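A quick write-up on the structure given underneath.
The values are calculated or read from the model by the stated rules, or taken from the named source; none is laboratory data. None of the values given here were measured: they were computed from a predicted structure. Glycine gets a Cβ as well: all are built from the backbone with ideal geometry, and neighbour counts include every protein chain shown. Heads up: the accessible areas ignore ligands, DNA and RNA and are worked out on the full protein's heavy atoms, side chains in. Shrake-Rupley method; radii C 1.70, N 1.55, O 1.52, S 1.80 Å.
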Amino acid sequence: MPKYDHKKTEKYWQAKWLKEKIYEPDLKSPRGKGKFYNLMMFPYPSAEGLHVGNVYAFVGSDIYGRYQRMRGYDVFEPIGLDGFGIHSENYALKIGKHPADQAKISEKKFYKQLRAIGNGFAWDEKLETYDPEYYRWTQWIFIQMFKHGLAYRKKQAVNWCPSCLTVLADEQVIAGECERCESKVIKRELEQWFFKITDYAERLLNNLDKIDWSEKIKIAQRNWIGKNTGALIGFKLQATSYKIDVFTTRPDTLFGATYMVLAPEHELIRQLKPQIQNWSGVETYINTAKAKTTEQRIAEGKEKTGVELKGVMAVNPANQKEIPVWVADYVLTGHGTGAIMAVPAHDERDAEFAKKFGLPVSDAPLVDNEEIIKKVGGQKITNYRLRDWLISRQRYWGPPIPMIYCDPPAGGCNWQPVPEEDLPVVLPKVKDFRPTGTDKSPLASVEKFYQTKCPKCGGPARRETDVSDTFLDSAWYYLRYPSVKDKKTPFGPAITKTWLPVDVYIGGAEHAVLHLLYVRFVAMALHDWGLVDFSAKGGEPATRFRAHGLLISGGAKMSKSRGNVVNPDEYIKKYGADVLRMYLMFLGPFDQGGDFRDEGVAGIVRFINRVWSLKEKIASQDSLELNRPLHKSIKKVSEDIAELHYNTAISQLMILSREMENGFSAEQLEIFLKLLAPFAPHITEEIWHSILKNKESIHIAPWPEYNPKLIADEMIDFIIQINGKARGVVTLAQNSTEPEVSAAAQTNANIKKHLADKTIIKTVFVPNRLINFVI
RNA sequence: GCGGGUAUGGUGAAAUGGCAGACACGCAUGGUUUAGGGCCAUGUGGGCGCAAGCCCGUGGAGGUUCAAAUCCUCCUACCCGCACCA
């Protein structure tokens, strides 16, 4: 028997599928049971190529899509590249290539690899975020944000990555480090573009209850949004017209407030300068504090520092007592109001501070929150931890922010959006694309780029030279896929209405408060502007999201520095895509991830070879004994795929393949192959055609249905327990009654032995399962 | 500190409250016209036993139940998210 030639077979079928477009849905009017949008997070081509962790994710998503296609849905499983942005640019910088040139190289390589894994991608709808036809619409979304008041400029202390030489959004700072390069992030006071995601905080939170998303993602988002209800309370300052507003979740501790603290960045401090008797000391403290990085502030731990604002006294509205005001960097700007009332009796941090600086501690009577707020004229408010999304990047490789600044000395029209008909604002291919390290992008030195006319007054004006965050590119890509050939609109209304929202979205949990938050925000905004219509879930982009687990290697996260990155190419070359797919899925539950070790691959290789040898053993008649295991497998495999429990589905197929060695007909083999097809698309297709002589692809053949009559067991092994311990088994007809089972059980020699000289106090009978004698 | 998760053989892992360890790797023994990292069969949690069978066993300590890996309480270890968040 010729050995299975995976190289030849896989190459042949991949080409054929592409040519015959069997994975292309009818986007205009979905066939069969209707549309099924099967989305997976598209990769960012940042390194040498696709790594096996990507393959793990894509295959897991593909199995689900293939299952739905065979069940009769018109499945849309698109693919693209998130190739714009810092990650791709950093890689280009590292290897000394221009990002635009490198993008073309990566594109070729990634697409080649993505074809080799045998997924049912809709290749006709592929997209790349760096394609001007794509980012034209990314820019258009920015303009819509601006027009609806959701894009604005603000000067504030922002996260700056000293290695990537750009600002970052809060979501992209992980434990004080840059999400991309793990450098310590510092704070810089800069004016930047922001998206007002905070306007959607409440909806982003509430909608979580309506969508079927992995619970851990929901929890992470809830924590990130960080809703807090409390009170805003004003403290008047003695002998001035100023007051300090503080946010507190514990208004009942107001009586215990013995001093106040302002963050060093608090604006009021400068305004109070005339009153502050020790101004030079205060100023020195503020400057020192501002110079510290977030990292330093945290590193200093609980050692509190601070300076009193001498000459300034606040009045506690609860008891009219005068209390001193301090400035200290343990109070953070941007959290709450940047000012606190200190209650040492109820707050550990305040207690430490008070102890160190000898401030009085007075315990306070606990009073009802509502009453207190009313009494002191405070107001109940809700505070969120979520910050606005900082969208500017001082980098080259991204979509230029489509805004024009008309300076007051000229027309004075201030910020104007680029007219939509002038989009895209094309990113010029410039020689010097390196980040500058100033607060400007490399485009700021390209005169030809930034010199323009004000779209409003026609006077000389300057383009924004920053580009937008990569996460804006990926925040709407799923909307573009169905409309990728549409040159007039970003997402055609009819086709969007047909295909959206996404039916199942699969991706990594590391995007819980990055991409997965942004994508929801942008969808909601578009929905509110009437641009997309999938209102059932309040503008949610995906009804279902499942996070896959992390694939590690040798017990550690795959990373280039550890040298444990597994390249899928060699495995595909050696064993074939079918084996790699099944091996990855057999490692464990898909949502749990796994450790990639070579050892287990042999089991799958053996299985695939066994499947290949089945074709020699086809009998002319159905094997009646096979019907029960076959139909049980249909049920088990279907249910397992629906739950993404691919490991147990594969295990069932292995069991079934053993059963088949006792004989089967061509029709029975067809059923087996269909069940296996989502996991091993090539070998099943090969046998389906060359041996079973089918004309159409197995991947669009109908999924088998099980016959409930065939799976019911006629004979049941009843477990016989004594005091809950299994002591024997008796095989009786299905639905045998308690007296029947009891009588049969008591003829069992071992049971007799245990029951000798004992009285049965109680008998527990579970139909078709067990009988338990309590003695 | 807060929130979430995980803990089962030598290994990856299965198990609607109902025979713990399916399936697979590895290992052992035997077979095979097996050059090979091939294929087939059997066995494989620990202990006692020729066997039938018995005892112990799902991180630890309790509890609920006829019956617990599974439910409850407390504890331990590890992983993830958030964090001087007022």
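Scan segment A:702-756 for residues that are more than 30 Å from A:LEU676 (Cα to Cα), within 13 Å of RNA strand B (Cβ to nearest atom) and in a loop (DSSP other than H, G, I, E, B) and jot them down. Correct list: A:ASN723, A:GLY724, A:ASN748, A:ALA756. Regarding segment A:530-551, can at least one residue be identified that is out of contact with any Pro (no Cβ under 8 Å at 6 or more places or on another chain), under 25 Å from A:LYS112 (Cβ atoms) and not in a loop (DSSP other than H, G, I, E, B)? Yes - at least one qualifying residue is present in segment A:530-551.
Consider A:PHE679 carefully, then state whether it is closer than 30 Å to A:ALA556 by Cα and within 8 Å of RNA strand B (Cβ to nearest atom). Answer is no for this residue.
Among the residues of segment A:10-47, those that are over 24 Å from A:ILE495 (Cα atoms), touching a helix residue (DSSP H, G or I) at 6+ places or on another chain (Cβ under 7 Å) and modelled with pLDDT of 95 or more comprise A:GLU10, A:TRP13, A:GLN14.
Residues that are open to solvent by 50 Å² or more (accessible area, probe 1.4 Å), within 14 Å of RNA strand B (Cβ to nearest atom) and not hydrophobic (A, V, I, L, M, F, W, C) do not occur anywhere in segment A:199-210.
Residues that are within 12 Å of RNA strand B (Cβ to nearest atom), in contact with a Phe, Trp or Tyr (Cβ under 9 Å, 6 or more places away or on another chain) and open to solvent by 20 Å² or more (accessible area, probe 1.4 Å) within segment A:315-346 comprise A:TYR330, A:HIS335, A:GLY336, A:THR337, A:ILE340, listed in sequence order. All of A:LEU584, A:LEU675, A:LEU656 fail the test of being touching a residue at least 40 places away in the same chain (Cβ under 8 Å), of a type in the set (A, V, I, L, M), part of a helix (DSSP H, G or I) and under 30 Å from A:MET715 (Cβ atoms), apart from A:LEU675.
The conditions of being of a type in the set (Val, Ile, Thr), at pLDDT 95 or above and open to solvent by 50 Å² or more (accessible area, probe 1.4 Å) are not met by A:VAL522.
Within the option set A:ILE391, A:ILE381, being within 30 Å of A:ASN369 (Cβ to Cβ) and either touching a strand residue (DSSP E or B) at 6+ places or on another chain (Cβ under 8 Å) or without any contact (Cβ under 8 Å) to a residue 40 or more places away in the chain (or both) holds for one residue only, A:ILE381. If I filter segment A:616-625 for residues that are open to solvent by 20 Å² or more (accessible area, probe 1.4 Å), within 9 Å of RNA strand B (Cβ to nearest atom) and touching a helix residue (DSSP H, G or I) at 6+ places or on another chain (Cβ under 9 Å), do I get at least one hit? Within segment A:616-625, not a single residue is open to solvent by 20 Å² or more (accessible area, probe 1.4 Å), within 9 Å of RNA strand B (Cβ to nearest atom) and touching a helix residue (DSSP H, G or I) at 6+ places or on another chain (Cβ under 9 Å). When segment A:408-428 is filtered for residues that are open to solvent by 70 Å² or more (accessible area, probe 1.4 Å) and either closer than 15 Å to A:ALA461 by Cα or at pLDDT below 95 (or both), the ones remaining, listed by number, are A:PRO408, A:PRO409, A:ASN414. The residues of segment A:403-413 that are assigned to a loop (DSSP other than H, G, I, E, B) and in contact with a strand residue (DSSP E or B) (Cβ under 6 Å, 6 or more places away or on another chain), listed by number, are A:ALA410, A:CYS413. Would you check if there is a residue in segment A:213-233 being open to solvent by 80 Å² or more (accessible area, probe 1.4 Å) and on the phi > 0 side of the Ramachandran plot? No; the residues of segment A:213-233 include none that is open to solvent by 80 Å² or more (accessible area, probe 1.4 Å) and on the phi > 0 side of the Ramachandran plot. Do you know which of the residues in segment A:757-775 that are within 11 Å of A:ILE719 (Cα to Cα) and aliphatic (A, V, I, L, M) is farthest from RNA strand B (Cβ to nearest atom)? Taking the candidates together, the pick is A:ILE771.
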